[in-house]
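J.: What follows is a structure written as structure tokens; I'll ask about it next.
Values quoted throughout were computed directly from the atomic coordinates according to the rules given, and no laboratory measurement underlies them. The model shown is predicted, which means the values in this text are computed figures rather than measured ones. Backbone-built Cβ (ideal geometry, glycine too); neighbour counts: all protein chains shown.
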Amino acid sequence: MIITTRNKSMSRIKIISTLTLSILLSVTAKAQKAEAYSKKIDSVISASAPLKFNGVVLVSQHGKAKYLKAHGYKDFEKKTPVKTDDQFEIMSNSKQITAVLVLQAAEQGKLNLQTPIKKYLPSLTQSWADTVTIHHLLNHTHGITDLDKPVAFKAGSQFKYGNLSYTLLGEILQNTTGKNFTELANSLFKKLKMDKTFIYNSKDNQALIPGFRSENNQYEKVEESFLNDKIAPAAGVISTVEDLAKWDQALFKGKLLSPKFQKLILTPSTSSQHNVFGKENMGFGYNIRFIKEAGLDYYAVTGLGDGFTCLNVYFPSKDTSLIILENQMPRNSDYWSFKEAAIKNIVLKSITSK
């Protein structure tokens, strides 16, 4: 069989055409997929029942925004619209940042996660200070309910979420590094170019948008925040959706910790349940939830309080972040994180569908 030059050329053209068509179909499919979930997210944030959405949604893939929209008001009284770069209280999402700072101090040999906290907080008088470790504070298995009372359970035996352990971690950081939480956190934000992220300060919070309590789509401004310097390591970080996407890229791609401590922070050490992710207990570590849903493993952190609702989800297999910040918190606990769960489910379905 003789293959002519003409036949060879035709074969090459057919191969190139097939490859080009395949690439175009792939790009088109991805675009259609993104468009489909975009429209569905739009429908969730525009719907007024059972409650309105008020905040910002970001879907970021490979560090680039694929969906970014603001909906509602920064201030309901002044009817000022929310903007995509507005700065929100991120509530308990703050604890993840504190956990990283603690692990960085451990890397530097300034503290040991398995050492009882009495060594770092010598003013504690209760006997539990000799058995509760930094590890127990980090994953909420410490049992401390009051600094002047016995523990509610033996350290390590149960999980009980709260702010107290992270306020203690803030004190431990200061006692072991010589710097307060604000100094340590702001230094980290600067390195990550999280230029719109800062720590709450009652004397200087001009950039922070107000939080609101909502009921039947009526809004009441939170006039007095519960935040202060002491509780800042538990709930005091102010940020934007795009800055938190930068945080995800740094944390989950190993840019903040050595391999040893990266493995530690990405390993669950207890379990916890949260309605956004279902009714079953799932893995929990140093303020990271380890979720397995629809056959996909992913990381998550939530925040609620002071008139704010927050969600940060990272899907490692797709290098995708979903970040939602609202400056409203429903009075009815049945609706806590209601819109967040709905949007998360849309993105999850889009990621797992073929």
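J.: Would you mention how many residues in the stretch 261-274 are in contact (Cβ under 8 Å) with a residue 60 or more places away in the chain and outside any loop (DSSP other than H, G, I, E, B)?
T.: 6
J.: Tell me, please, whether a residue that is at positive phi, buried (at least 20 other Cβ atoms within 10 Å of the Cβ) and either among the aromatic types (Phe, Trp, Tyr) or assigned to a helix (DSSP H, G or I) (or both) can be found in the stretch 86-101.
T.: Yes, there is a match, as at least one residue in the stretch 86-101 is at positive phi, buried (at least 20 other Cβ atoms within 10 Å of the Cβ) and either among the aromatic types (Phe, Trp, Tyr) or assigned to a helix (DSSP H, G or I) (or both).
J.: While we're looking at this one, here's another question. Scan the stretch 171-195 residue by residue and report those that are more than 21 Å from LYS118 (Cβ to Cβ) and in a helix (DSSP H, G or I).
T.: Within the stretch 171-195, THR182, GLU183, LEU184, ALA185, ASN186, SER187, LEU188, PHE189, LYS190, LYS191 qualify.
J.: Sticking with this structure for a sec: Do the conditions hold for THR80, that is, is it polar (S, T, N, Q), surrounded by fewer than 16 Cβ atoms within 10 Å (Cβ to Cβ), without any contact (Cβ under 8 Å) to a residue 12 or more places away in the chain and over 30 Å from PHE252 (Cα atoms)?
T.: Yes; evaluated as a whole, the condition is true for this residue.
J.: Give PHE189, PHE290, PHE252 a once-over and let me know the one that is more than 16 Å from VAL313 (Cβ to Cβ) and not charged (D, E, K, R).
T.: Answer to the selection: PHE189.
J.: Give me the pairs, please: first residue somewhere in the stretch 283-298 and touching a residue at least 60 places away in the same chain (Cβ under 8 Å) and crowded, with 20+ Cβ neighbours inside 10 Å, second residue anywhere and part of a strand (DSSP E or B) and of a type in the set (A, V, I, L, M), beta-carbon distance under 9 Å, and either six or more positions apart or on two chains.
T.: Hits for this filter: ASN287/VAL301; ILE288/ALA300; ILE288/VAL301.
J.: Take residues that are within 13 Å of the chain's Cα centre (by Cα) and at positive phi and tell me which of the strands (runs of 3 or more DSSP E) falling wholly in the stretch 275-354 contain 2 or more. Working first, answer last.
T.: Details: elements: 282-284, 289-293, 296-305, 308-315, 320-326, 328-330.
Those strands (runs of 3 or more DSSP E) do not exist here; none qualify.
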